[in-house]
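Here the structure is laid out as structure tokens; the discussion comes afterwards.
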Amino acid sequence: MTSVPSPSLAPPAVPEAAVAKARRQLPVRSVVVALAGLFLLLVLVATAFPSLLASGDPSATDPAGALAAPGAHHWFGTDQLGRDVFDRVVHGTRYSLAIGAAATGVGMGAAVVWGLAAALLGRFGDAVLMRAADALLALPGLLLALMVILITGKGVVGTTFAVAVGVAPGFARVVRSQALVVRRSGYVDAAVGLGVPRPLVVVRHIVPNTVGPLLVLATLTLGAAISTGAALSYLGLGAQPPTPEWGAMLTEGQGYLDQAWWIALFPGLLLVGTVLAVTVVGRYAQGRDERRSVS
Amino acid sequence: MRRPPALLRYAATRLASAVLVVWAAATVAFLVLQLVPGDPVKAIVGSHALVDADQRAQIRHQYGLDQPLIVQYLHQLGRLARGQLGDSYQLQQPVKDVLADQLGPTATLALWASLTAVAIAVVVTLLTTGRARWPRRVAQVTELVVVSTPAFWLGILLLTVFSFKLGWFPVSDTGDPRSLVLPVLTLALPIAAVLAPVLREGLLGALDQPFTLTARARGLAEHRVRSHHALRHAALPALTLAGWFTGTLLGGAVVVENVFARPGIGRVTLQAVGDRDLPVVQGVVALSAVVFVVVAALVDLAAVVVDPRLRRETGVAAA
């Protein structure tokens with residue numbers, strides 16, 4: 001055992017050093033994750049009780065005070081109709097968040113049925129369902145979303161379904177491969193051997209063990225779903241003005257970029273902040289998940 | 001019987017799978033668009049026009065809408081095979097001409113955006129795989145922020161700062177080449193932010209490989225080891241992102257053309273959705289499926305050029 005190891009087979013760096021490195025990183029990481037979590041908490045409060053954070057009326061107009069710059073009275077300024085941008089951004093949180101969350105939920109739900117069916121229905125069903133997923137994945141996501149909106153019509157509900165259709169096929173693939181692994185595992189064999197009816201095996205053992213690991217992945221999808229939903233609203237297909245949805249606010253604000261940058265700045269800033277916070281928390285959860293499954 | 005040469009077999013398989021993808025996309029589009037509610041005749045003549053039953057029947061006949069669905073479907077596939085896409089409901093011209101007119105601006109935008117994205121990703125990768133750790137940290141955080149920024153807001157931000165505040169670039173398309181800069185950046189930055197981490201991981205992995213040691217032992221300068229040997233190796237995993245890349249470019253074009261008021265396929269698509277101009281939507285689906293297939297073929301070819309190990313499997317000789 002004295003041969004010179006080749007570089008790729010070199011033993012890992014001194015463990016103590018790696019541990020020390022991890023310790024050094026830890027505070028910064030946890031601070032960032034904590035900040036992201038705090039921000040998400042604020043976002044949730046703004047979703048459930050917007051009046052706690054912004055007491056004003058988001059649709060109260062004041063033509064005399066239109067296009068006022070951010071200041072002590074209007075933190076984020078006012079828009080072309082004199083509406084307070086801060087009030088609107090806070091009250092708009094629920095639309096952007098709800099579209100993203102509902103779309104992720106609906107998309108995941110569909111994907112679980114889709115993927116499980118592919119994994120459990122035999123070779124022919126599997127082939128048909130997975131080729132359908134491939135066909136949908138070959139199309140640009142936004143194009144697919146636009147086609148769904150043609151069917152459902154414009155609006156919040158249509159947008160939610162459009163985003164969900166974008167989420168589902170990719171997830172269905174993951175669900176399928178996870179279900180295939182679970183189906184061949186020892187405890188499923190044991191349950192079948194003990195004479196547990198097949199539908200009960202699916203519900204009790206296969207579904208929970210397939211879906212559980214996906215919940216973390218869903219967090220990461222949530223950020224993208226919020227972003228896509230806002231994009232559709234920006235394009236005029238989702239929430240319609242005067243709804244204070246962030247994407248729709250950006251469309252309104254874009255007409256005043258030369259005089260009042262704040263109308264379009266703050267909704268976008270909140271959108272980026274939310275997506276970023278969801279991603280940071282999601283990645284943290286994913287990392288913890290992986291560490292747990294390793295140990 | 002002698003087996004056909006590997007290259008021929010490879011090309012035949014590729015062609016078959018390409019046709020399959022285009023067929024599947026066209027079929028999905030046909031089925032999905034059957035679910036669109038409302039009378040197509042209204043989309044054709046406008047919702048305010050009064051048409052009697054005779055005219056209605058005539059219009060339906062003209063667009064083949066009076067045929068059974070299966071006939072419409074086969075008819076459409078036949079047209080697609082001949083490179084035809086039918087007539088637009090709204091624009092009184094063949095969909096093919098509509099798309100051909102708008103392809104130029106979008107292709108220019110997409111091409112420049114891809115080049116810019118790849119250039120940014122490569123430069124960032126080369127700059128952040130050195131010994132020092134902080135450039136990598138800075139890059140990772142920046143990438144995360146850029147990826148989390150929706151393209152439409154990035155575009156608005158760039159417009160506010162560089163067009164309205166600094167006045168460096170025109171606000172909308174003026175034919176001036178400078179009017180291309182901000183749209184290209186808006187489209188390229190998020191792509192670069194996804195590409196760079198993949199390239200970096202590949203490059204760091206490649207630097208641990210025996211062939212890097214060999215190259216260094218031959219006395220090559222570090223920058224040559226990186227750009228000629230390691231980067232090549234790192235390009236392979238990045239190439240697998242090409243499908244996603246193409247889709248993002250097309251979806252991004254819809255958004256970017258709207259933010260910057262540029263003409264192009266994205267604009268036409270959005271308008272067709274608003275007007276329920278189904279043949280145009282169907283045409284865009286067919287077009288993007290063809291683009292997807294062509295890009296996939298080019299990527300496979302690029303992989304063979306980049307990685308000599310693949311040449312034996314495919315029988316494609318080195319160029």
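The values are calculated or read from the model by the stated rules, or taken from the named source; none is laboratory data. Here the structure is a predicted model, which is why all the values come from computation and not from measurement. FYI the Cβ positions are ideal-geometry reconstructions off the backbone, even for glycines, and counts take in every protein chain you see. Just so you know, the surface numbers come from the protein's heavy atoms only, side chains and all, with ligands and any DNA or RNA stripped out. Shrake-Rupley method; radii C 1.70, N 1.55, O 1.52, S 1.80 Å.
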Exercise for review: Could you check which residue among B:LEU185, B:LEU236, B:LEU220 shows the biggest mean-square fluctuation in a GNM of chain B with a 10 Å Cα cutoff?
Suggested key: B:LEU220
Point to revise | Where labels lie 7 Å past Cα in the beta-carbon direction, separation of B:LEU204 and A:TRP75 in nm | key: 3.8
Check your understanding: How much FRET efficiency would the formula 1/(1 + (r/R0)^6) give for B:ALA132 and B:GLN34, where r is the Cβ-Cβ distance and R0 is 51 Å, rounded to 0.05?
Key -> 0.30
Exercise for review: Any aspartates and glutamates with Cα under 19 Å of the A:LYS154 Cα? List them, leaving off those in the same chain fewer than 8 positions away.
Suggested key: A:GLU245, A:GLU252, B:ASP39, B:ASP275, B:ASP277
Check your understanding: Once every DSSP H run of n ≥ 4 in chain A is given -39500 (n - 2.57) and the sum is divided by its residues, what mean residue ellipticity at 222 nm do you get, rounded to the nearest 500 deg cm²/dmol?
Key -> -24000 deg cm²/dmol
Check your understanding: Just how large is the dipole of the protein assembly as shown about the Cα centre, in debye to the nearest 20, putting +1 at every Lys and Arg Cβ and -1 at every Asp and Glu Cβ?
Key -> 2780
Review point. Amide H neighbours of B:ASP87 under 5 Å, counting only residues 5+ apart in sequence or on other chains, H built in-plane at 1.01 Å?
Key: B:VAL95
Exercise for review: Pick out, from A:SER96, A:PRO242, A:THR210, the residue whose Cα sits farthest towards the positive end of the charge dipole of region A:76-294, with +1 on the Cβ of Lys and Arg and -1 on the Cβ of Asp and Glu.
Suggested key: A:THR210
Review point. For the protein assembly as shown, what Kirkwood radius comes out of the mean inverse Cα-Cα distance, in Å?
Key: 27.1
Exercise for review: Would you calculate a helix-derived [θ] at 222 nm for chain B, using -39,500 (n - 2.57) for each DSSP H run of n ≥ 4 and dividing by the full residue count, to the nearest 500?
Suggested key: -23000 deg cm²/dmol
Review point. Once you average over the residues of A:228-237, how many Cβ atoms of partner chains fall within 10 Å of each Cβ?
Key: 4
Study note, to complete from the structure: GNM on chain A, Cα springs under 10 Å; top mean-square fluctuation among A:ALA117, A:ALA103, A:ALA230 goes to A:ALA117
Check your understanding: Lys/Arg Cβ at +1, Asp/Glu Cβ at -1, dipole of the protein assembly as shown taken about the Cα centre: which of A:GLN259, A:VAL157, B:PRO135 is farthest positive-ward?
Key -> B:PRO135
Review point. When you look at the Cβ of every residue in B:264-274, what mean number of other chain Cβ atoms sits within 10 Å?
Key: 3
**Study point:** Extreme residue, positive dipole direction of chain B, given options B:THR246, B:GLY78, B:VAL194 (C-beta unit charges)
**Key:** B:VAL194
**Study point:** Pair-distance profile P(r), taking every C-alpha pair of region A:76-294, with 10 angstrom steps and integer %
**Key:** 8, 28, 28, 19, 10, 4, 1, 0
Review point. Counting Lys and Arg as +1 and Asp and Glu as -1, each charge on the Cβ, what is the dipole of region A:76-294 about the Cα centre in debye, to the nearest 20?
Key: 980
Study note, to complete from the structure: If each part is reduced to its alpha-carbon centroid, region B:289-306 and region B:139-161 end up apart, in Å, by 29
Practice item. Name the residue, out of B:THR212, B:THR27, B:THR128, whose mean-square fluctuation peaks in a Gaussian network model built on chain B with Cα pairs under 10 Å. Key: B:THR212
Study note, to complete from the structure: Toy charge model, Lys and Arg Cβ at +1, Asp and Glu Cβ at -1: chain B dipole around Cα centroid in debye, rounded to 20, equals 1620
Exercise for review: Keeping every protein chain in place, order A:TYR234, B:TYR73 by accessible area at 1.4 Å, biggest value first, i.e. largest first.
Suggested key: B:TYR73, A:TYR234
Study note, to complete from the structure: If R0 = 25 Å, then B:GLN84 and B:THR13, at their Cβ-Cβ distance, give a FRET efficiency to the nearest 0.05 of 0.40
